[in-house]
Number of protein chains: 2
Amino acid sequence: MITPELLHPQSIVVIGGSNNVHKPGGAIVRNILQGDYQGTLRIVNPKEDEVQGIKVFHDAKELPPTELAILVIPAKLCPESVELLASEKGTKAFIIISAGFGEETKAGAAREQRILDTCERYGAALIGPNCIGLLNRNHHSVFTKPIPSLNPQGVDFVSGSGATAVFILESAVIKGLQFNSVWSIGNGKQIGIEDVLQYMDEHFDPNTDSKVKLLYIENISNPDKLLFHASSLIRKGCRIAAVKAGSSESGSRAASSHTGAIASSDSAVEALFRKAGIVRCHSREELTTVGCIFTLPPLAGKRFAIVTHAGGPGVMLTDALSKGGLEVPKLEGPVAEELKSQLFAGSSVANPIDILATGTPEQLGITLDYCDQRFDNIDAIAVIYGTPGLTTLYEAYEVLHKKIGECKKPIFPILPSLHTAGPEVAEFLAKGHVNFSDEVTLATALSQVMRTPQPAPPEIELFGVDVPKIREIISGITDNGYVSPDIVHQLLECAGIPMVPEMVSDDKQTLIDFANRTGYPVVAKVVGPVHKSDVGGVTLNIRTPEHLALEFDRMMNIKDAQGVMVQKMLKGTELFIGAKYEERFGHVVLCGLGGIFVEVLKDVQSGLAPLSYGEAYSMIRSLRGYKIIKGTRGQQGINEQKYAEIIVRLSTLLRFATEIKEMDINPLLADADDIVAVDARILIEK
Amino acid sequence: MITPELLHPQSIVVIGGSNNVHKPGGAIVRNILQGDYQGTLRIVNPKEDEVQGIKVFHDAKELPPTELAILVIPAKLCPESVELLASEKGTKAFIIISAGFGEETKAGAAREQRILDTCERYGAALIGPNCIGLLNRNHHSVFTKPIPSLNPQGVDFVSGSGATAVFILESAVIKGLQFNSVWSIGNGKQIGIEDVLQYMDEHFDPNTDSKVKLLYIENISNPDKLLFHASSLIRKGCRIAAVKAGSSESGSRAASSHTGAIASSDSAVEALFRKAGIVRCHSREELTTVGCIFTLPPLAGKRFAIVTHAGGPGVMLTDALSKGGLEVPKLEGPVAEELKSQLFAGSSVANPIDILATGTPEQLGITLDYCDQRFDNIDAIAVIYGTPGLTTLYEAYEVLHKKIGECKKPIFPILPSLHTAGPEVAEFLAKGHVNFSDEVTLATALSQVMRTPQPAPPEIELFGVDVPKIREIISGITDNGYVSPDIVHQLLECAGIPMVPEMVSDDKQTLIDFANRTGYPVVAKVVGPVHKSDVGGVTLNIRTPEHLALEFDRMMNIKDAQGVMVQKMLKGTELFIGAKYEERFGHVVLCGLGGIFVEVLKDVQSGLAPLSYGEAYSMIRSLRGYKIIKGTRGQQGINEQKYAEIIVRLSTLLRFATEIKEMDINPLLADADDIVAVDARILIEK
């Protein structure tokens, strides 16, 4: 549990604080002191009398009551120390920097557990063990550098790896990104990434709290909790981006050797992030670039004006924005001409607006005003402004600083002269701004932000799905394995998913009567063997009762045959829906066109059950072959609404039947009016 | 023409050199002086007696003979000045910084032309006008900053835009990238990017010349020349990467407004770069990252060891390398155990090799030796080494510096602590190394390098193609437009491309006799109308002479009908080949699977005619639907070799028939044995 004493302690004690700033025990004291901590800082160190100007307690027993304790002592001494502090000194928050716990040995894991038990007993918060600490505007309780600039509207950053947090901060500070808090959860014995989000969500104050959260995750231990609080925060106006490392097979191996992360399939992570509305990043660079974007006003639309005094970067930015689905609309007409008349001869206002290398700070200001107030077809402005080294840029960047404050549209500063105009860029950043030094990196991150959907609604779509009946059927199944066609039929019926007319029987005449009623042609499939096709157990296009009789006799002689299924043979576009239960995540639902689309092209979209209509439509429309669903080449499309409906209903069915570990409907046959499931398999494990 | 006087002048005069270093005329003098120019530097300035410590000539007429002249005076004064210098002062090289020429007005274009004429007459080189200048190890004749570190094995960088060159240098210098020369071609009136490459190619000395070339291109004015010299240089051991800006429609508009670039389709550029073996980049960041990769030994294989003292970046790098088609193989066995015994407890050697945050410089050295000498399944090493700020990194980076010198396998340094360990990184770079501060950016660039093929062989595949006959047929065509089926047939025959048996006639009995001979079913298509399907001019699956007679009568009544074509109806996998003539580039040849693959999925690969077998195979194998060509789902594949053969032969045909502006064969029908063209269209414009 996160306690007030962890966030704004009146007193802090560093157990193991020292004078050696090249060791964590000394560095953390230095950082707290340099961070201008306003409460009382105490040190416990048996060997020193004074540490960095502070009088030292030789034994923790001598301490007065202290709210937050930071432990930088050998692991084996920690449990006792925590017990003493919690029981006798009223300590309500612990940050354990020390390593040597569950990440190393079983004895370490036992120590960790003892510490947790103590904390739980006394209602104390526990960060770590094995972490770099916690840094916020009240206290800089980390032993590492860099310490970023702090700002109540800066980033809240939560990291599952301490060293990675440090390197992410390196990438952030050179961009000017400011922070509100940095959490390194270490082993996360009590407080994990999900718990930090929960706290932020449950205590969220829209007037004072930062709205930007960045996460570095190697292990999603509680996907439901992450989903719930991340989407809740986003609905309250926050913006969240995260790296989930270990997306490849080798990377997953690496992550699990690093933090003991339990591998989760990348499609499950992808689906979870999309459902939550979390912007997924894959690198430190991308995460911190998205973080910088988040500190600017959100984009109201896709249309960018590019203001530049160098042509090339403007062109590359235009290419990259266009590629990412954003727009750089042409500017023309009287307003554009009016602007042009205020720039030097040779300037271009067609967008990119090239004010030339000789363009003055004043012209920059005028151009920004036009983009903000006069061009209606512009939603955001990117400014590329560096120097060939003839003059300094203080004046230009002061104009940029002012306009960022005044303009309603977001302005993205791209200041490339990090070397030549280092001091000017530093001064600009010191005013609280960010800098995107590479325009294409910015564009890529922007399009990643734009592509991330809003959080899905938390409600489950129940209409048309008979949940009690589903539970009754599932409860009645006694064996693990693939369920019988009859049960498949019943379950799909409960979910309101239409199936092709079919009958299973081991009686020839019953089947012939059924075929005569339904109408020919029909399909016959053997029931029993799993891989029907391989054993000659599927015959299409049976047009007469005589042919059906013949096939029945033949199929009943196939090994393991228990009966024959006869279905009406339909035509239409093949679709596919699949689902796989992923431990802790629930069902990942896949959809796509059938046949080569799924088997050759892997043209499949995924979502996490239960799915809303919005999510289902988004999945369908993200398919590369979507044109076929919409209709193309003079062919009618299929009923997209019904496809979405089936995806949603299937996902609801699965949400209430977690015993289903795998399921697919393949194919469904679709035309402009209807969609029916032709074949389906369900694997149950209880 | 590039003259020796341009590259290593014994004397330089700056016409318009001044004391004001905030203007180009002053800044360029300062740069030349600070660049420790070893020849004689002269200044012409009517208003000053001394400029930056150099005695001034008030009039160019007073000058002694001078080899290189740099003009920083108003455009209108330039032609006369060039004339004087070339005719009277023996000047053999000009760099014209001044703007106000062809990029602005017609009068300017005339001035530019006059200057060119003078230069040509006197055999002088001309860089510019409207550029930042030329920088090499002999003279820093640019007016801009930054000036990168210079090194004979550094990058030769040629830029079509001056301001962009400056910003690319900004991105390069912070990575430690060193340069051999920087060329800003400006308007490129005499010397363009292609000419610089030609010079480097024709004068290439493998023992002394730099082997790394980076290009920033907005306008490929002579694709053939670029292709010829770039691929020649690469065959000689060089490595070339380039940004071609203006790849999107909006970007292309922006580029053409920036440098008057003539738009070229992005697929033509892509095809040209692949053919030449140029690594294509899309941003300054990517170009300079690839440049840094090029300064290290080439990769001998795909297998990376990652040595890190922070888990997270190792995981992200593993993910990114795997995604990019590179490998991070698991390390295990006795050698791995042996290494592990020399690291701290808790280290991992499974790859990533995590030596922990506490890992010492000595352990880093040992680990690098193991990767270089003991692990056979490793081709290259990435080292991630930063600091949480407790100690400095001088010692660790000294180890890295030594090992980079000693190890045979390339070592990629990833030093993330740009802020906290700024001085250490700077010292490391000063020893001549590069730094990839973001591991994922490195991985993305590496995979881009690995994906770029070797240059295609320059020979044209003539076997099986009857060039004289092709020329005879083309010469005989008098009208522009789509040629008749008969000519199409003849041209394909000349190229050895088999066509389905077919006959065109306006005589019913002739066609019926043909169908009887060939065998039914046949297809009938009206000849005359262009969009046959739209007018009911195609009938498939005709199985009797009577039906054929009926269709003949019907089709001959369609408007514009001149006859009917009867073809044998075949089955098979549909393929597609297309080609479009692109001004200056030649024919861009497209291939793919037919039907939805081309129409819905745009699954098409392109190459530039003439194509080699290697290129054709590479195109085919890059198709997303390649599995279908190879055979999948129990279906036999198609004869890939014949498909490649048809692509190659068609490209040869096109190479000798540039009058063909558009052509497609759609569909070809393919099975495991044969491929035949079923329908083809050829558009001729003379």
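The values are calculated or read from the model by the stated rules, or taken from the named source; none is laboratory data. Fair warning: this is a prediction, and the values are worked out from it, not measured in the lab. Here Cβ is always computed from backbone atoms with ideal geometry, including for glycine, and neighbour counts include all displayed protein chains. Note: accessible area is taken over every heavy atom of the protein model, side chains too, but ligands, DNA and RNA are not part of it. Shrake-Rupley method; radii C 1.70, N 1.55, O 1.52, S 1.80 Å.
Max-minus-min Cα coordinates of the stretch A:132-192 on each principal axis give 32, 22, 17 Å, with the largest extent listed first. Heavy-atom accessible surface, probe 1.4 Å, ligands and DNA/RNA ignored: which residues of the stretch A:602-650 lose at least 40 Å² versus the isolated chain? Buried on complex formation: A:ARG624, A:LYS627, A:ARG633. Of the residues making up the stretch B:426-449, those losing 20 Å² or more of accessible area when the isolated chain is joined by the remaining protein chains, with a 1.4 Å probe, are B:ASP438, B:VAL440. Along the positive direction of the dipole of chain B (beta-carbon charges: Lys, Arg +1; Asp, Glu -1; about the Cα centre), which of B:SER221, B:ILE660, B:GLY528 reaches farthest? Farthest towards the positive pole: B:SER221. Solvent exposure of A:ASP513, expressed as accessible area, is near 70 Å², computed with a probe of 1.4 Å over the protein chains only. Here the chain A residue lying nearest the rotation axis onto B, judged by its C-beta and given with the distance in whole angstrom, is A:LEU601, 4. Note on the stretch A:573-684: lysine pairs with Cα distance below 23 Å, sequence gap of 8 or more or different chains, count 9. Using alpha-carbon pairs under 8 Å, 6+ residues apart, how would you state the relative contact order of the stretch A:360-474 in percent? The normalised contact order for the stretch A:360-474 reaches 23 percent.
How big is the Kirkwood radius of the stretch A:573-684, worked out from every pair of different alpha carbons and given in Å to one decimal? Computed over the stretch A:573-684, the radius equals 13.8 Å. In the stretch B:304-451, taking the dipole from charged Cβ atoms about the Cα centre, the farthest positive-side position among B:PRO313, B:SER447, B:VAL328 is held by B:SER447. Relative to the other identical copies, B:LEU77 shows label-point distances of 7.8 nm, where the label point lies 7 Å from Cα along the Cβ direction and values run shortest first.
The mean count of C-beta atoms from other chains within 10 Å of the C-beta of residues in B:240-246, rounded to a whole number, is 3. Using the alpha carbons alone, the radius of gyration of the protein assembly as shown stands to its Kirkwood radius in an Rg to Rh ratio of 1.01. Using a label point 7 Å beyond Cα on the Cα-Cβ vector, give me the inter-copy distances for A:ALA672 in nanometres, one decimal, shortest first. Result, one decimal in nm: 4.1. Averaged per residue, the stretch A:146-294 has 27 square angstrom of accessible surface, using a 1.4 angstrom probe with ligands and nucleic acids left out. Between the listed residues B:ILE293, B:ALA242, B:CYS371, the Cα displaced farthest toward the positive end of the dipole of the stretch B:227-381, a dipole computed from Cβ unit charges relative to the Cα centre, is found at B:ALA242.
Remark: spin-label model distance B:HIS203-B:THR40 equals 2.3 nm, labels positioned 7 Å along the Cα→Cβ axis.
Using a 1.4 angstrom probe on protein heavy atoms only, the contact between B and A buries about 6200 square angstrom of accessible area, both sides summed. Express the accessible area of the stretch A:563-635 per residue in Å², computed with a 1.4 Å probe while the remaining protein chains stay in the model. Solvent-accessible surface per residue comes out at 39 Å². Rg and Dmax of the stretch B:304-451, both derived from C-alpha coordinates alone, stand at 14.1, 40 Å.
For a paramagnetic label modelled on B:ARG681 (point 7 Å from Cα along Cα→Cβ), amide N atoms under 19 Å away belong, within the stretch B:483-499, to B:483-492.
3J(HN,Hα) along the stretch A:97-111, derived from phi through the Karplus expression 6.51 cos²θ - 1.76 cosθ + 1.60 where θ = phi - 60°, amounts to 6, 3, 9, x, 10, x, 6, 10, 9, 5, 4, x, 4, 5, 4 Hz, with x in place of Gly and Pro. Overall, the stretch B:1-93 carries a charge dipole of about 200 debye about its Cα centre when +1 sits on the Cβ of Lys and Arg and -1 on the Cβ of Asp and Glu, all other atoms neutral. Amide H contacts of B:ASN151 (H built 1.01 Å from N, in plane; Pro and chain starts excluded): B:PHE179, B:ASN180 sit under 5 Å, all sequence-distant by 5 or more or on other chains.
In this simple spin-label approximation, B:ASP534 and A:TYR482 carry label points 7 Å from Cα along the Cα→Cβ vector, and these lie 4.9 nm apart. Once the label point is placed 7 Å from Cα along Cβ, list for B:PRO329 the distances to the corresponding points in the other copies, in nm, shortest first. Between copies, matching label points for B:PRO329 lie 5.6 nm apart. Checked against a 29 Å cut-off, the cross-linked pairs A:LYS340/B:LYS92; A:LYS508/A:LYS571; A:LYS106/B:LYS340; B:LYS275/B:LYS302; A:LYS23/B:LYS408 give Cα-Cα distances beyond that limit for A:LYS340/B:LYS92; A:LYS23/B:LYS408. Take each residue of peptide A:284-296, count the partner chain Cβ atoms within 10 Å of its Cβ, and average: the result is 2.
The accessible-area loss of the stretch A:304-318 on complex formation, taken against its chain alone with a 1.4 Å probe, reaches 20 Å² or more at A:ALA310, A:GLY311, A:GLY312, A:PRO313, A:VAL315, A:MET316, A:THR318. Rounded to the nearest 20 debye, the dipole size of the stretch A:304-451 about its Cα centre is 280 debye, using +1 on the Cβ of Lys and Arg and -1 on the Cβ of Asp and Glu. Simple point charges give the picture: +1 on the Cβ of Lys and Arg, -1 on the Cβ of Asp and Glu, and for the protein assembly as shown a dipole about the Cα centre of about 480 debye. Using 0.36 nm per residue and subtracting the Cα-Cα separation, the extra length available between A:LYS106 and A:GLU88 on full extension is 3.6 nm. Sorted from greatest to least, the principal axis extents spanned by the alpha carbons of the stretch A:177-217 come out as 32, 25, 12 Å. With a 10 Å cut-off around each Cβ of B:380-392, the average count of Cβ atoms from other chains is 4. Heavy-atom accessible surface of the stretch A:304-451, averaged per residue, reaches 34 Å², computed with a 1.4 Å probe. Accessible surface of the protein assembly as shown, 1.4 Å probe: 50 percent of it comes from carbon and sulfur atoms. Exposure here means at most 13 other Cβ atoms within 10 Å; with chymotrypsin sites (Phe, Trp or Tyr not before Pro) in a DSSP loop as sites, the longest stretch of chain B lacking them is B:1-343. Between A:GLU546 and A:ASP506, the FRET efficiency from the beta-carbon distance, with R0 = 22 Å, is close to 0.70. Legend: translational diffusion of chain A by Stokes-Einstein, Rh = Kirkwood radius over C-alpha pairs, 25 °C, 0.890 mPa s; D = 84 µm²/s.
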